[in-house]
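The values are calculated or read from the model by the stated rules, or taken from the named source; none is laboratory data. Worth saying up front: this structure is predicted, and the values here are computed from it rather than measured. Cβ placement follows ideal geometry from the backbone for every residue including glycine, while neighbour counts extend to all protein chains displayed. Areas reflect the complete protein model, heavy atoms only, side chains present, ligands, DNA and RNA absent. Shrake-Rupley method; radii C 1.70, N 1.55, O 1.52, S 1.80 Å.
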Amino acid sequence: MRSPRRFRHAVLAALSAGVLLAATGCDSAGDRTTKGTTGTAEAKDVLLQPLAEPGPGPFTRSTVRAAPSPSPTRSPEEDDGSATRTVHRVSGAVPGLYGGVRSEAACDVGQQARLLAADRDKARAFAETAGVEAVQIPGYLRSLTPVVLRADAQVTNHGYSAGSATAFQAVLQAGTAVLVDRRGLPRVRCACGNPLGEPVIAKGQVTHRGERWPGYDPARILAIEPGVQPVTGLVIVNTADNTWIERTVGDDGGRDRTPDDPPPFEPSDDLLFPSPARPSESEAPEATPSAPAPAEPEEPQCDPSAPGGPAELPPGCPPPMEPDPGTEAPDDFDGLPTDEPWELEEEPGAVPEPTQVFPGEPDDFDEFGEPVDSGVPEPFAG
């Protein structure tokens, strides 16, 4: 039979996944303070968490190695809370989603493991939220990659209260140090040691609580989703010189290198958010006029009977053939057949030559042209 404690954790997990949603405007069971709401996964109540603010119910003290600085963003207009909130879904494997400094880890992973090991109750609550055993926490943390966010991102954060992890929706400021898994999903926030999960995006009106930071824009919030395939390295932006870094998954930066195949865009290009000036679908390029096909050379008119005669034939024409002096010129023939039978015209007084030699007639001459003696005496003349 499932224990009451396990049933309670199952209900909390269902709440964090957005299965059970409270009605808009209802008070939650958690304490509502100026810092936000604790102890609830209410998706319509989102806590804004600046860089150095640990937030409600931190698991540990900060393990951020260097004071992070927010990524440069455009200067926002003063927000009175009426701006349209837009959350943009993006894969955790997108190059440039995260940043860092070459050969420097954003978090002290070893210290994070020691702090959790020092508090058994917190270690157990952390492990249950992360989906591992408490004894596996050090190995689990070492499998994650320390980076910083380059844009404001919503997550499901988990504070620690009364021996359990409490889920709530939060927007982390750009520049926040996090540990991400092999699919690019944030799993731990280093400023408080809290385990993180995928966000629950609510529809309709959402209330943002907490401190707003310069550059905050409710229309430019990311919802990071796990990549389709696990990766062995993340392509991040070097925040020191705005170049590309390939950081091995689970490494603290000691094996950072320049990518062999860098992304086909600059690290400064803003590709995480659609721009109103940029069409969602690429327009078909205008057809460029192609060069006209070369005209085929016209065949020269090589008619010798044309005006001017053979002397003025165009170049490329063969010279006209001279008739053989021993032959007669052929009769003119226009080449058109007629239905009337052809008749041979005979010259007057012409005697046709014999066309047949009858058998039995001796030849009068031999092959040398001499007369042949037939043995019959010729009759005497007269």
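Key figures
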{"quantity": "Residues within region 139-153 that are open to solvent by 20 Å² or more (accessible area, probe 1.4 Å), of a type outside the set (K, R) and closer than 19 Å to L272 by Cβ, tallied", "calculated": "1"}
{"quantity": "E246 free of Cβ contacts under 8 Å to residues at least 40 places away in the same chain and out of contact with any Ser or Thr (no Cβ under 9 Å at 6 or more places or on another chain)", "calculated": "no"}
{"quantity": "Long-range neighbours under 8 Å by Cβ, at least six apart or interchain, first residue over 18 Å from Q229 (Cα atoms) within region 177-189, second open to solvent by 10 Å² or more (accessible area, probe 1.4 Å) and among the small types (G, A, S)", "calculated": "A177/A106; A177/A191; V178/A106"}
{"quantity": "Yes/no for G204 being in a loop (DSSP other than H, G, I, E, B), on the phi > 0 side of the Ramachandran plot and either open to solvent by less than 60 Å² (accessible area, probe 1.4 Å) or touching a residue at least 40 places away in the same chain (Cβ under 8 Å) (or both)", "calculated": "yes"}
{"quantity": "Residue list for region 252-272, restricted to those being closer than 12 Å to R102 by Cα and not β-branched (V, I, T)", "calculated": "D252, G253, G254, R255, D256, R257"}
{"quantity": "Failed condition for E133, given (1) free of Cβ contacts under 8 Å to residues at least 12 places away in the same chain; (2) open to solvent by less than 40 Å² (accessible area, probe 1.4 Å)", "calculated": "(2)"}
{"quantity": "Filtered residue count, region 172-198, keeping only those that are more than 17 Å from P58 (Cβ to Cβ) and open to solvent by less than 10 Å² (accessible area, probe 1.4 Å)", "calculated": "5"}
{"quantity": "Tally of residues being over 15 Å from L179 (Cα atoms), open to solvent by less than 10 Å² (accessible area, probe 1.4 Å) and within 38 Å of the chain's Cα centre (by Cα) across region 84-126", "calculated": "1"}
{"quantity": "Test: residue in region 210-220 that is in contact with a Gly (Cβ under 8 Å, 6 or more places away or on another chain) and over 15 Å from R183 (Cα atoms)", "calculated": "yes"}
{"quantity": "One residue from Q112, Q136 being part of a helix (DSSP H, G or I), touching a Cys at 6+ places or on another chain (Cβ under 8 Å) and not aliphatic (A, V, I, L, M)", "calculated": "Q112"}
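Per-residue answers, yes or no, for (1) open to solvent by 50 Å² or more (accessible area, probe 1.4 Å); (2) under 18 Å from A177 (Cα atoms); (3) part of a loop (DSSP other than H, G, I, E, B); (4) at pLDDT below 95:
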| residue | (1), (2), (3), (4) |
| --- | --- |
| I236 | no, yes, no, no |
| R247 | no, yes, no, no |
| D251 | no, yes, yes, no |
| R255 | yes, no, yes, no |
| P262 | yes, no, yes, no |
